[in-house]
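A.B. asks: Below is a structure I'd like to ask you about.
Bear in mind these aren't lab numbers, they're just calculated from the coordinates by the rules spelled out. Just so we're clear, the structure is a prediction, and the values are computed from it rather than from any experiment. Cβ atoms come from the backbone with ideal geometry, glycine included; neighbour counts cover every protein chain shown.
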Amino acid sequence: MTSSLTYIDLFAGAGGLSEGFIQSDFRPIAHVEIDKAACLTLKTRLAFHYLKQNKQSESYISYLKGEIKRKDLYALIPDNTLSTVINAAIGKSNQFIFDKIDELTPTTQIDVIIGGPPCQAYSIVGRAPLKHKKNDERTTLYLEYGKFLNKYNPKIFVFENVPGILSSADGKHYKNLQNYYKSLGYEVEAKLLNAIDFGVIQNRKRVIIIGWKKELQLSYPDFICEQQRYTRDDIFSDLPEIAPGENNRFHQYAAIPNEYLLSKELRNGIDIVTQHITRPHNLRDLKIYELAIEKLAEGERLKHNQIPQEDRTQKNTTDFLDRFKVVGNEPHTMIAHIAKDGHHFIHPDKKQLRSISVREAARIQSFPDNYYFEGVKEDQYRTAAFRQIGNAVPPLMAIRIAEKIKEMLNGK
């Protein structure tokens, strides 16, 4: 990570967007994130990149296998690498964040700012009817993002969010955002992109707003859509069978990697699979899961009103009829609700009868198998990992975005 191209990642989450920029040879100056578990994930990923660059990957593998503790892993990494992760709330802690970044790089030019504020306030998709707060402060976090643009004056910024940001409040929120960033000296354009067009096995549409300094006279990049389409079986084919609630530190792969896993580098050199763990389930849920798998085999989705009354977990049989959903062979969209329960992500194998594992969720989001998701407590990470994965930008998509930003900066 010695590139001359630099970036700051705001609302960094687990680092899906950042991963794309690191793999495209950008150097992170700071990652700012409010969630402590996500900050630990970011540190662990920075540890991976540092050790790989310094030909010490065996120490990272030792951590994945549980042979060394997290503190032992971090002790191998220079403090000026790990301290680039800033655990703070943007908006409430801006001056603290500015001071920390200035300490890290007092004279460094920031080329790019990336990130996307929490999207729930703009979202039109959910597992229950949304009850947005009036004047939800999350709809104005773009103002806080703008304060970083104003202070660090990057050449380009990338702002990621859900499609609803364009239509929320009859388009007022996006229009205000656009006008504000233009007042800071940027040309601003937004496009709706779908992760499936970047090799990710899910229909995940996101608005990618790109802004560039007016004097650069750039334009929004063109993305060539990937024509090859892959399926769920391309993700799950080499993973071993596990039972509900299984919590092994790591497993051996059950098969050699297929073309998708190799070409997209999800299988990337390590000989074990970690975080292939899943939730425990009660007998009632397992009965419903079995019914859902049987329905899918018949070519239809289980509706909530088709579940026997004695097995229903909710009385409402008119809203959200697809409460229980098997991951079919068509692209299955990852949603943040996976942190709450696995009912929308039932594994298709009736012999396993469970919701998908952390690793399977990560693969749907196109995270490579050596990406490790942390919890605040080292041995209790499952819920935190699902939350981080559900909210992430798919790295395969992020890589393509970063490559285009690099071309813009290099004048190609």
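A.B. asks: Give the relative contact order (percent, whole number) for segment 232-390; include only Cα pairs under 8 Å separated by 6+ residues.
C.D. replies: 27
A.B. asks: Right, here's the next one. Provide the gained length on full extension for the span Ser4 to Glu294, in nm with one decimal, where the gain is 0.36 nm per separating residue minus the Cα-Cα distance.
C.D. replies: Additional length available on full extension: 98.9 nm.
A.B. asks: Then there's this: Which percent, to the nearest 5, of DSSP beta bridges fully inside the chain are antiparallel?
C.D. replies: Once the DSSP bridges in the chain are tallied, antiparallel ones form about 55 percent.
A.B. asks: Using label points projected 7 Å from each Cα along Cα→Cβ, tell me how many nm separate Lys65 and Leu192, to one decimal.
C.D. replies: 4.9
A.B. asks: So, with +1 on the Cβ of K and R and -1 on the Cβ of D and E, and no other charges, what is the size of the charge dipole of the chain about its Cα centre, to the nearest 20 debye?
C.D. replies: 960
A.B. asks: Same structure again: Go ahead and estimate [θ] at 222 nm for the chain from helices alone: -39,500 (n - 2.57) per DSSP H run with n ≥ 4, summed, over the residue count, rounded to 500.
C.D. replies: -9500 deg cm²/dmol
A.B. asks: On to the next question. Mind giving me the nanometre distance, one decimal, between the label points for Lys287 and Ser183, set 7 Å out from Cα along Cα→Cβ?
C.D. replies: For the pair Lys287/Ser183, the computed spacing is 6.0 nm.
A.B. asks: Still on this structure, please answer the following. Beta carbons within 10 angstrom, averaged per residue: use that to sort the peptides 341-350, 33-42, 266-275, 216-225, highest first.
C.D. replies: Sorting 341-350, 33-42, 266-275, 216-225 by mean packing, highest first, produces 33-42, 341-350, 266-275, 216-225.
A.B. asks: Report, ordered by chain and residue number, the lysines lying within cross-link reach of Lys69, taken as a straight Cα distance under 30 Å and ignoring same-chain residues fewer than 8 apart.
C.D. replies: Lys36, Lys43, Lys52, Lys55, Lys100, Lys264, Lys340, Lys377
A.B. asks: List the relative contact order of the chain as a percent without decimals, with contacts defined as Cα pairs under 8 Å and 6+ residues apart.
C.D. replies: 19
A.B. asks: Note down the net charge around Leu10, summing +1 for each Lys or Arg and -1 for each Asp or Glu among other residues with Cβ under 9 Å from its Cβ.
C.D. replies: -3
A.B. asks: Dipole magnitude of segment 324-409 about its Cα centre, charges +1 at Lys/Arg Cβ and -1 at Asp/Glu Cβ only, in debye to the nearest 20?
C.D. replies: The calculated dipole for segment 324-409 is roughly 220 debye.
A.B. asks: A follow-up question, please. Enter the Cα centre distance for the pair segment 19-82 and segment 218-251, rounded to the nearest angstrom.
C.D. replies: 22
A.B. asks: Right, another one. Can you order the peptides 387-397, 185-195 by their average number of other Cβ atoms within 10 Å per residue, highest first?
C.D. replies: In descending order of packing, they fall as 387-397, 185-195.
A.B. asks: Taking 0.36 nm per residue of separation and subtracting the Cα-Cα distance, what length does fully extending Leu216 through Phe98 add?
C.D. replies: 39.9 nm
A.B. asks: Let me ask something else. Of Ala361, Gln314, Ile288, which is farthest on the positive side of the dipole of segment 232-390, counting Cα position, with +1 on Lys and Arg Cβ, -1 on Asp and Glu Cβ, and the Cα centre as origin?
C.D. replies: Gln314
A.B. asks: What net charge do the residues around Ile208 carry, taking every other residue with its C-beta under 11 Å from that of Ile208, with Lys and Arg at +1 and Asp and Glu at -1?
C.D. replies: Cβ neighbours under 11 Å give a net charge of +3.
A.B. asks: Shifting gears a bit: With each pseudo-label sitting 7 Å past Cα toward Cβ, what's the Glu310-Lys325 distance in nm, one decimal?
C.D. replies: With each label point 7 Å from Cα toward Cβ, the separation is 3.0 nm.
A.B. asks: Same structure again: Subtract the Cα-Cα distance of Lys175 and Leu262 from 0.36 nm times their separation in residues, and report this length gain in nm to one decimal.
C.D. replies: Separation in residues times 0.36 nm, less the Cα-Cα distance, equals 27.1 nm.
A.B. asks: When Lys and Arg each count +1 and Asp and Glu each count -1, what net charge do the other residues less than 13 Å away from Leu291, Cβ to Cβ, add up to?
C.D. replies: +2
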